[in-house]
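Values in this text are rule-based calculations from the coordinates and carry no lab data. Source: prediction; values computed, not measured. So basically every Cβ, Gly included, is an ideal-geometry build from the backbone, and we count neighbours across all protein chains shown.
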Amino acid sequence: ETGVTQTPRHLVMGMTNKKSLKCEQHLGHNAMYWYKQSAKKPLELMFVYNFKEQTENNSVPSRFSPECPNSSHLFLHLHTLQPEDSALYLCASRKTGEAGGYTFGSGTRLTVV
Amino acid sequence: SQQGEEDPQALSIQEGENATMNCSYKTSINNLQWYRQNSGRGLVHLILIRSNEREKHSGRLRVTLDTSKKSSSLLITASRAADTASYFCATDDTGGFKTIFGAGTRLFVKA
């Protein structure tokens, strides 16, 4: 385990469903990120939170709604998704102000049917 | 186009051989990072090299950075089957808050 825990590991949902992805870290990191990884494409940054405040929304459709109640927890609420939203969703964290690498979770493999 | 671009896209070698992957980027950077990803898992941070460094080592890994050519290379020496994975470079901009990942190099090490 990396110290960043994502649940669930796998999720299959219909286009009319509402579900949430969860990410948790207790590494003392103050920045948390959602990335989308589709096959044969670079990682796409979706959202950035610094000290619980959203500092970046990378033109993500409103059917993805992030929530960061505190510096240790991050959620991604999903509703009325499309099949093209099927991907691996990765959560990452790091301590801003330090030039360091990210710690990633193992991801949630999402399939929209 | 994307900031970090790895080359080659895929690499297949025999166990014991060295593997070299390259990364090119377009803008000024604060640092460059290399990550490894096993199939369907998250990325694992391998090594970070700052813009004022030219070479860095970590175990069997050697990373070089040429800021004049805006390129970096990752060398894995004496490769093992367990090194089979995708390898990504990522660059932090000079502001230090935006990181851009490349599409990765898929490395396959045959036993």
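Here are some notes:
- Modelled spin labels at A:Thr111 and A:Thr80, positioned 7 Å past Cα toward Cβ, are 2.5 nm from each other.
- Overall, chain A carries a charge dipole of about 260 debye about its Cα centre when +1 sits on the Cβ of Lys and Arg and -1 on the Cβ of Asp and Glu, all other atoms neutral.
- Residues of segment B:27-52 with amide N under 20 Å of the 7 Å Cα→Cβ point at A:Ser38: B:40-43
- Label zone (A:Thr16, point 7 Å along Cα-to-C-beta; backbone nitrogen cut-off 17 Å) within segment A:73-110: A:79-83.
- Ordering of A:36-47, A:51-62 by burial proxy (mean other Cβ atoms within 10 Å per residue, highest first): A:36-47, A:51-62
- FRET efficiency, 1/(1 + (r/R0)^6) with R0 45 Å, evaluated for A:Thr7 and B:Ser51 via beta carbons: 0.75
- Per-residue 3J(HN,Hα) values for segment B:87-92, derived from phi via the Karplus relation 6.51 cos²θ - 1.76 cosθ + 1.60 with θ = phi - 60°, read 10, 10, 9, 9, 10, 8 Hz in sequence order (x marks Gly and Pro).
- Under 5 Å between amide hydrogens, built in the peptide plane, is the criterion, and for A:Met46 it picks out A:Trp34, A:Tyr35, A:Lys36 among residues at least 5 positions away or on other chains.
- Taking 4.7 Å between beta carbons as the limit, the unpaired Cys residues of the protein assembly as shown are A:Cys68.
- A Förster radius of 30 Å combined with the Cβ-Cβ distance from B:Leu75 to A:Thr96 puts the calculated FRET efficiency at roughly 0.50.
- Student exercise, chain B dipole from Lys, Arg, Asp, Glu Cβ charges, in Debye to nearest 20: 140 debye
- Other protein chain Cβ atoms within 10 Å, averaged over every residue that makes up B:12-22: 0
- Beta bridge orientation in chain A: antiparallel %, DSSP, nearest 5: 90 percent
- Highest mean packing comes first when the peptides B:43-54, B:24-35 are listed by Cβ atoms within 10 Å, giving B:24-35, B:43-54.
- Per-residue Karplus couplings for segment B:49-61, computed as 6.51 cos²θ - 1.76 cosθ + 1.60 with θ equal to phi - 60°, are listed in order as 10, 7, 5, 9, 9, 10, 8, 8, 10, 8, x, 8, 9 Hz, Gly and Pro entered as x.
- Here's how it looks for A:Ser86: its modeled amide H is under 5 Å from those of A:Val112, which are all 5 or more places away or on a different chain.
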